[in-house]
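Colleague: Below is the structure I would like to discuss, written out as structure tokens.
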């Protein structure tokens, strides 16, 4: 076996098990060397999914700076609270490590741009963890976009209709805060917002939006966001994100409508194709729906594993990762533009200048 990349994980919260499983699956290219969290028990909990012999090889740290200095990892995944993504990511880059950063890439445009610039200056790879791009359903739809089977895209829609209650926010006090998280759009909906922007040509001219906190008076940020997006290519987008759906997660859907095609991805997290209709008639819709559907155990899906595979190959072959820092910045920009439009009651033009979640502190104070 050729020499493997030294891998480390910083942050052992709700999403960490997916990172551990993805690293383990890619054990032919990744050597799991270290894990870091402020709470030792959380490290043990996420490492419990590994065989005992593998767990014993992983060094535990409560200080990521010490971990970087001693282990010198070549790839670090940052899965801390969102407000610390940029600081930890920049420290990893300064230490010479390639980085996977959980969504969102950062909570301000300045920090997002700083991460991209630092990675380029250091000659390392930066990957934004938008793992749903690797869903089998999404990959099939993306191929149709790249083959221009839709003709001219007319409009698309991204809906996230989920439920998050008090118990969820009490698990981690940083959730729902402007300084460390943002609300439903930044936390729960950013994956689908990323997919909509990616599919519709990436370039956005302007956004108009409303946000509100209707049912979660114990958090600072929004639990509902509704936005209209005008893309540079003349297409339009509709975004609806909420954590108010009773009594549990209902659906995450992505619609694309073109002159020559209509597609709907659905399920709990756009893991299945529910509509597939193209003027060219290529492929049997029933067969495509069956072949490109997945049934994950939770809304995080199966995408972390192929994202890790791609990132390892990007490092080894010195190419850009499939989901790079710029992709993460575009998703962040669109969410922040929605926040800005809703807060100022005006249309917001892109590209966005300096903007951060902390600009909206007090937005929903009663």
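Colleague: Out of all the residues in region 18-32, is one or more within 20 Å of the chain's Cα centre (by Cα), closer than 30 Å to residue 352 by Cβ and surrounded by fewer than 22 Cβ atoms within 10 Å (Cβ to Cβ)?
Modeller: Checking region 18-32: not a single residue is within 20 Å of the chain's Cα centre (by Cα), closer than 30 Å to residue 352 by Cβ and surrounded by fewer than 22 Cβ atoms within 10 Å (Cβ to Cβ).
Colleague: Follow-up. Looking only at region 342-359, decide whether some residue is within 30 Å of residue 4 (Cα to Cα) and in a strand (DSSP E or B).
Modeller: no
A quick yes/no check of all residues on (1) part of a helix (DSSP H, G or I); (2) within 15 Å of the chain's Cα centre (by Cα):
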position: 290; (1), (2): yes, no
position: 294; (1), (2): no, no
position: 331; (1), (2): yes, yes
position: 338; (1), (2): yes, no
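Colleague: Among 45, 53, which is the only one that is in a helix (DSSP H, G or I), more than 15 Å from the chain's Cα centre (by Cα), over 27 Å from residue 177 (Cβ atoms) and not assigned by TED's automatic domain parsing to the domain that holds residue 290?
Modeller: The conditions single out 53.
Colleague: Can you work out which of the residues in region 7-27 that are part of a helix (DSSP H, G or I), touching a strand residue (DSSP E or B) at 6+ places or on another chain (Cβ under 8 Å) and in contact (Cβ under 8 Å) with a residue 40 or more places away in the chain is farthest from residue 308 (Cα to Cα)?
Modeller: 16
Colleague: With the checklist (1) touching a helix residue (DSSP H, G or I) at 6+ places or on another chain (Cβ under 8 Å); (2) in contact (Cβ under 8 Å) with a residue 40 or more places away in the chain in hand, flag the one item residue 122 doesn't pass.
Modeller: Only one criterion in (1) touching a helix residue (DSSP H, G or I) at 6+ places or on another chain (Cβ under 8 Å); (2) in contact (Cβ under 8 Å) with a residue 40 or more places away in the chain is unmet by residue 122, namely (2).
Colleague: I need the full set of residues from region 287-318 which are exposed (fewer than 14 other Cβ atoms within 10 Å of the Cβ) and either over 22 Å from residue 116 (Cα atoms) or in contact with a helix residue (DSSP H, G or I) (Cβ under 8 Å, 6 or more places away or on another chain) (or both), in order please.
Modeller: Matches in region 287-318: 287, 290, 291, 295, 297, 298.
The values are calculated or read from the model by the stated rules, or taken from the named source; none is laboratory data. Bear in mind the structure is a predicted one, so any value in this text is a computation, not a measurement. Cβ coordinates were reconstructed from backbone atoms using ideal geometry, including for glycine residues, and neighbour counts include every protein chain displayed.
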